[in-house]
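Please read the structure below before turning to the comments.
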Amino acid sequence: MNENVIYSINGPVVTVKNASVFSMLEMVYVGHKKLMGEVISISRDATTIQVYESTTGLQPGEPVYASHQPIQVTLGPGILRNIFDGIERPLRAIAKESGAFIETGSAVAPLDEEALWQVTMKIKVGDKLVGGQIYATVPETDLIEHRLMVPPHMSGEVVWVGDNKTYRIHDEVVKLRLDNGDLQALTLCQKWPIKTARPVKERLPISIPLVTGQRIFDTLFPIAKGGTAAIPGGFGTGKTMTQHQLAKWCDADIIVYVGCGERGNEMTQVLEEFSELVDPKSQKPLTDRTVLIANTSNMPVAAREASIYTGLTLAEYYRDMGYHVAIMADSTSRWAEALREISGRLEEMPAEEGFPAYLPSRISQFYERAGYMKTLNDAEGSVSIIGAVSPQGADFSEPVTQNTKRFVRCFWALDKQLAYARHYFAINWNESYSEYVNDLSRWYMRNVDARFMNCRQQLTALLAEETKLMEIVKLIGSDVLPDDQKLVIEISKVIRVGYLQQNAFHPEDTYVPLAKQMKMMDVILYLYKQSKKVLSEGKPMSLILKTGIFDKVIKMKYDVANNQLELLDTYMPMIDEALAQIE
Amino acid sequence: MGIQYLGLNEISGPLIFLDQVDDVHYEEMVELHLDNGEKRLGRVVQLEGKRAVIQVFEGTNGISLTNVKTLFTGKAMELPLSKELLGRVFNGSGQPIDGLGDLYAEKSKDINGSPLNPVSRVYPRNYINTGISSIDALTTLIRGQKLPIFSGSGMPHNELAVQLVKQAKISEGDGKNFGIVFAAMGVKNDVADYFRRSFEEAGVMDKVVMFINLSNDPIIERTLTPRCALTAAEYLAYEHDMHILVILTDITSYCEALREFSSSKGEIPGRKGYPGYLYSDLASLYERAGIIQGAKGSVTQIPILTMPNDDITHPIPDLTGYITEGQIVLDRSLNQMGVYPPVGILPSLSRLMKDGIGEGFTRKDHSALSNQLFAAYAKVQDARSLASVIGEDELSDVDKQYMSFGALFEEHFLNQGFQEDRSIQTTLDLGWDLLSVLPREELDRVDDEVLDEFYNHEKAVKRFSVKQPEIIKELAGNEA
């Protein structure tokens, strides 16, 4: 006889009276349909549960079952290429079972339990294994080798090893004699609670950039592998486009894309596009390195909160294998709003704008799970987090943006005015910053060019100067400026339009290697230097512009293909020639 | 028949409270039978032990603690459905009000729907030709999209909606499988009437299903209106292979009804008093647009909302913009200048447009043209703000050209008649002619190849009889 029954129901929040068996953050099953829920508060007389599915049709008096475990995800081969909802239910399998609409109480195993995986053992009987050690590998996709690891906090001696052959994920492949004498079987999968960070040996300093092939990021505001970045922007400024571009082109091994409270069509788009696009390095479809978590805005709000943690846990699992993982969370504001909604239903005392007072600590816990780590098996792996923020009314002073700003080290502020002018990426170079520039400058000097950081500095200086001049231009027009200041404005236009603006739909411009970025900067700065010289000889700016060389340089991003970088060297003589024509 | 409960324990605004009830489901439908024979409908919104909180759709006027019998139906709210929906008029909670009697239902469905599985969606790619230049060229409407119109009081959003309905064309099926579901939430009597008359005049009434909740109708019913409409739309689209255009007007009234209801429930308010779950609630409406695998039909939504005080950062337009796939923003100053439709193109956007235009859909130069028009018009705004400070005479020559481009663009491109139906070819050609007014160097968003084909300065100068600024002539003379 189960005496734990529902007492009250209010939206996704359900309470149980006089229950003592539940513990905080425990996963429970609610009602006859066994809807998944989580315990979020306990008092002497009432236990409060948030339900991850729609509560329509529930009745007081229906049973609530304890699971005695926190909410966990299943980790094993079959995660990549898949699309899950916020609590790791495979959406394709659900679609097969219940059609186009998601019914409540769908109980589907997270990973395909019937699929066969080719397992190669890496250990033999008598080996001593510790937590995190790799005992077998599975080719999960053409791109990624899945490394099976002993769960953390477990160690023992191998007493039996299966043959190298195909297994299902729940088949036993290794038996361990644990240190306390118990026998423990290892299968192809393990479980891990989503709200606990997976352990690592140590945190390593940050030194390698996450190369994105997008000029404004790589050059001006780089993010490191293991770093954190926020993309705030009002609607229509291109947050999702930016996230998609990064997911497509950044040089992480694995991408975890979390669509948290966003549009259903966007997830469909990611699914379609990524299966058509190929990875530039391996020529395999991008889906081979991608896992999608889709909790669209019309799916239950409580699962939206979980989706972020589910994504992070999957990311950490692959990091522990020694991969560099990038997780895109679109959008963290929806996650914060889910917190607010649940908090409101619990009648908690609200802080700023109705958000709960624990918002900052939740945000920091989330971003602090990023990092460049030495894993338990002494490999190096990283989790980089790129979170979109959707501030209300595009006002960056709202609590989610402000608190996020405190805990991330890259801030890529999207700007409405730039988006209106269809300047993409609409990243405002005055408001954005990256704290990783110094950490990464060594890498750029060694791997790209010793002058890279210097050139970058010159570009930012010119842009800053332009911003100041534009203040004047707005008041009195550009005609009255002296020629050297006009040159700053013109060259900044070249930087803005010819360099920062990048066309995601142009085959050559959608991804630009660092070497090309370096050369493009060289050309622009050379143009600036030479034009300045011409001006100092007393020739007017208008004649320089008339040569058309500025427009030519602006279009170099389209005119020079990524595999013909030597063409960029011809721009210097072209500039000289054009400027020499001026009488 | 279930148990009937006699009397109530408490009444507060649209809510009634019943103690000592058994076997009640969350969100189930409730029938209230008043002593005077009247029947009202309600829904369970909160359960606490044996206490049930019920919202009454028609309001609690005339209800006392003793004069009512409550019957729990055991079902969530459902809408009866059949192909006969077309041509009918219903009230906000799905009861027929056209005097033609009850619908002979083939089946009935929960009006709340279920979330659509993202893997079962088909990414929308087919464009809908609306015959309106500013929309077709710059914020193309795609089948299966949700594209709201952000308007303000006194602006012609209703006319625009009617024009869209009249002119919207899809390429296949001769419009036979095209239908409209119209949901009016808290609209004025005249407006509802205007829509009905316009549909009749356009001869499309037998393709329209109307759900009407007027501004003096109960607010709870208003929160159900869009859900009924979308349930009808989904049924027609996915089970009868129709392409359904859903017009929801006015979302602002809907949100205000939600706020009123939320505060009467004593919930903690979020921004501007709107409930904290406004985003989720709006999403549960807007996300019901789309196309699903295996069905031939589609649901396209055009919600209309009036921005309070023309403020786009107000929570309603703000949250809407975060959910919908773009927005069409009407601009008051254009409206005052007599430009119809007054689409302010800079803040307007269609997110799905990039995949539904170009070769095979519209024309290969479409995306280049729209990018360049946006960029050029943004420069027009800069030039205008500069001109307002230093005067137009002091502007540089390029800025002056932008000024004249801006005026021509508004006069010829944005402005078009209420009856004028422009083909996509006409619209795109017009766009190129306007861009050709500008010097070729200024068109920096377009490849040279495309420019070679479409840029024609002489033609443009002739067509719009532009006065060539002196400097251009001079330069032209020098080069020759």
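The values are calculated or read from the model by the stated rules, or taken from the named source; none is laboratory data. As the structure is a prediction and not an experimental result, all values here were calculated from the model. With ideal geometry, Cβ positions are generated from the backbone for all residues, glycine too; neighbour counts draw on all protein chains shown.
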Residues that are within 13 Å of chain A (Cβ to nearest Cβ) and either part of a helix (DSSP H, G or I) or not β-branched (Val, Ile, Thr) (or both), drawn from segment B:129-148: B:Leu138, B:Arg143, B:Gly144, B:Gln145, B:Lys146, B:Leu147, B:Pro148
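Just the residues that are within 30 Å of B:Arg351 (Cβ to Cβ) and away from chain A (no Cβ under 14 Å), please, taken from segment B:93-128. It would help to see each step written out before you state the result.
Step one: of segment B:93-128, the residues within 30 Å of B:Arg351 (Cβ to Cβ) are B:109-128.
Hits for segment B:93-128 are B:Tyr127, B:Ile128.
Per-residue answers, yes or no, for (1) buried (at least 23 other Cβ atoms within 10 Å of the Cβ); (2) out of contact with any Cys (no Cβ under 6 Å at 6 or more places or on another chain); (3) assigned to a loop (DSSP other than H, G, I, E, B):
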| site | (1), (2), (3) |
| --- | --- |
| A:Val16 | yes, yes, no |
| A:Ser20 | no, yes, yes |
| A:Met24 | no, yes, yes |
| A:Tyr29 | no, yes, no |
| A:His32 | no, yes, yes |
| A:Thr47 | yes, yes, no |
| A:Thr55 | yes, yes, yes |
| A:Ala66 | no, yes, no |
Run down A:Gly264, A:Gly259 and say which single residue is under 15 Å from the mean Cα position of the chain (by Cα), crowded, with 23+ Cβ neighbours inside 10 Å and modelled with pLDDT of 85 or more. A:Gly259
Output the residues belonging to segment A:419-434 that are within 12 Å of chain B (Cβ to nearest Cβ), on the phi < 0 side of the Ramachandran plot and without any contact (Cβ under 8 Å) to a residue 60 or more places away in the chain. A:Tyr420, A:Ala421
Among residues of segment A:381-400 being away from chain B (no Cβ under 14 Å) and out of contact with any Phe, Trp or Tyr (no Cβ under 7 Å at 6 or more places or on another chain), the residue farthest from B:Asp311 (Cα to Cα) is A:Val383
Within segment A:311-339, residues in a helix (DSSP H, G or I), within 14 Å of chain B (Cβ to nearest Cβ) and crowded, with 24+ Cβ neighbours inside 10 Å come out as A:Thr332, A:Ser333, A:Arg334, A:Trp335, A:Ala336, A:Glu337, A:Ala338
I'd like to know if segment A:86-104 contains one or more residues that are modelled with pLDDT of 90 or more, more than 12 Å from chain B (Cβ to nearest Cβ) and either more than 30 Å from B:Phe72 (Cβ to Cβ) or surrounded by fewer than 15 Cβ atoms within 10 Å (Cβ to Cβ) (or both). yes
Quickly run through segment B:222-273 and pick out the residues that are assigned to a helix (DSSP H, G or I), under 18 Å from the mean Cα position of the chain (by Cα) and charged (D, E, K, R). B:Arg222, B:Arg227, B:Glu234, B:Glu256
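Can you find, within segment B:263-292, the residue that is farthest from A:Arg304 (Cα to Cα) among those that are in contact (Cβ under 8 Å) with a residue 60 or more places away in the chain and at the interface with another protein chain (Cβ under 7 Å from one of its Cβ atoms)?
B:Ile292
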Residue list for segment B:381-394, restricted to those being buried (at least 19 other Cβ atoms within 10 Å of the Cβ) and either touching a helix residue (DSSP H, G or I) at 6+ places or on another chain (Cβ under 6 Å) or among the hydroxyl-bearing types (Ser, Thr, Tyr) (or both): B:Ala383
With more than 12 Å from every other protein chain (Cβ to nearest Cβ) and either surrounded by 22 or more Cβ atoms within 10 Å (Cβ to Cβ) or part of a helix (DSSP H, G or I) (or both) as the only criterion, which of B:Pro317, B:Pro303 stands out? B:Pro303
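Name the residue, out of A:Gly213, A:Gly226, that is within 30 Å of A:Arg147 (Cα to Cα), out of contact with any strand residue (DSSP E or B) (no Cβ under 9 Å at 6 or more places or on another chain) and in a loop (DSSP other than H, G, I, E, B).
A:Gly213
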Residues being buried (at least 17 other Cβ atoms within 10 Å of the Cβ) and among the β-branched types (Val, Ile, Thr): count how many of those fall in segment A:466-509. 7
Taking the criterion of being in a helix (DSSP H, G or I), away from chain B (no Cβ under 12 Å) and within 28 Å of A:Tyr372 (Cβ to Cβ), would at least one residue in segment A:468-476 satisfy it? no
Some residue of segment A:158-181 being surrounded by fewer than 17 Cβ atoms within 10 Å (Cβ to Cβ), outside any loop (DSSP other than H, G, I, E, B) and of a type in the set (Ser, Thr, Tyr): yes
For residues in segment A:382-402 being buried (at least 22 other Cβ atoms within 10 Å of the Cβ) and farther than 13 Å from A:Gly233 by Cα, which is farthest from the chain's Cα centre (by Cα)? A:Ser382
Picked from segment A:34-45 (must be within 14 Å of chain B (Cβ to nearest Cβ) and under 34 Å from the mean Cα position of the chain (by Cα)), the residue surrounded by the fewest Cβ atoms within 10 Å (Cβ to Cβ) is A:Leu35
Within segment B:383-457, considering only helices (runs of 4 or more DSSP H) that don't extend past its boundaries, which have at least 3 residues that are closer than 26 Å to B:Leu160 by Cα, more than 26 Å from the chain's Cα centre (by Cα) and at pLDDT 90 or above? B:397-408, B:424-435
If I ask for residues that are out of contact with any strand residue (DSSP E or B) (no Cβ under 6 Å at 6 or more places or on another chain) and under 23 Å from B:Leu408 (Cα atoms), which ones from segment B:136-162 would you list? B:Asp136, B:Ala137, B:Leu138, B:Pro156, B:Leu160
Answer residue from segment B:349-378, given it is facing chain A (nearest Cβ under 8 Å) and of a type in the set (Lys, Arg) and is nearest to the chain's Cα centre (by Cα) among those: B:Arg351
Which members of segment B:393-409 meet the condition of being away from chain A (no Cβ under 11 Å) and farther than 14 Å from B:Ala378 by Cβ? B:Lys400, B:Gln401, B:Ser404, B:Ala407, B:Leu408
Condition first: touching a helix residue (DSSP H, G or I) at 6+ places or on another chain (Cβ under 7 Å) and closer than 30 Å to A:Gly57 by Cβ. Can you find one or more residues in segment B:135-152 that meet it? yes
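Filter segment A:252-288 for residues that are at negative phi, part of a loop (DSSP other than H, G, I, E, B) and without any contact (Cβ under 8 Å) to a residue 60 or more places away in the chain and give the result. Steps first, please.
Start the filter on segment A:252-288 by keeping residues that are at negative phi, which leaves A:252-260, A:262-282, A:284-288.
Keeping just the survivors that are part of a loop (DSSP other than H, G, I, E, B) gives A:252-253, A:262-263, A:277, A:279-282, A:284.
Hits for segment A:252-288 are A:Arg263, A:Leu277, A:Lys281.
For segment A:435-465, what are the residues that are part of a loop (DSSP other than H, G, I, E, B), surrounded by fewer than 18 Cβ atoms within 10 Å (Cβ to Cβ) and touching a residue at least 12 places away in the same chain (Cβ under 8 Å)? Outline the logic, then answer.
Restricting attention to segment A:435-465, the residues satisfying the condition of being part of a loop (DSSP other than H, G, I, E, B) are A:435-436, A:448-451.
Restricting the remaining residues to those that are surrounded by fewer than 18 Cβ atoms within 10 Å (Cβ to Cβ) gives A:435, A:450-451.
Once the filter is applied, which keeps residues that are part of a loop (DSSP other than H, G, I, E, B), surrounded by fewer than 18 Cβ atoms within 10 Å (Cβ to Cβ) and touching a residue at least 12 places away in the same chain (Cβ under 8 Å), segment A:435-465 yields A:Glu435, A:Arg451.
Considering segment B:33-55 alone, what residues qualify as being over 21 Å from B:Gly113 (Cα atoms) and in contact (Cβ under 8 Å) with a residue 60 or more places away in the chain?
The initial filter retains those residues of segment B:33-55 that are over 21 Å from B:Gly113 (Cα atoms), namely B:33-40, B:47-53.
Once the filter is applied, which keeps residues that are over 21 Å from B:Gly113 (Cα atoms) and in contact (Cβ under 8 Å) with a residue 60 or more places away in the chain, segment B:33-55 yields only B:Val53.
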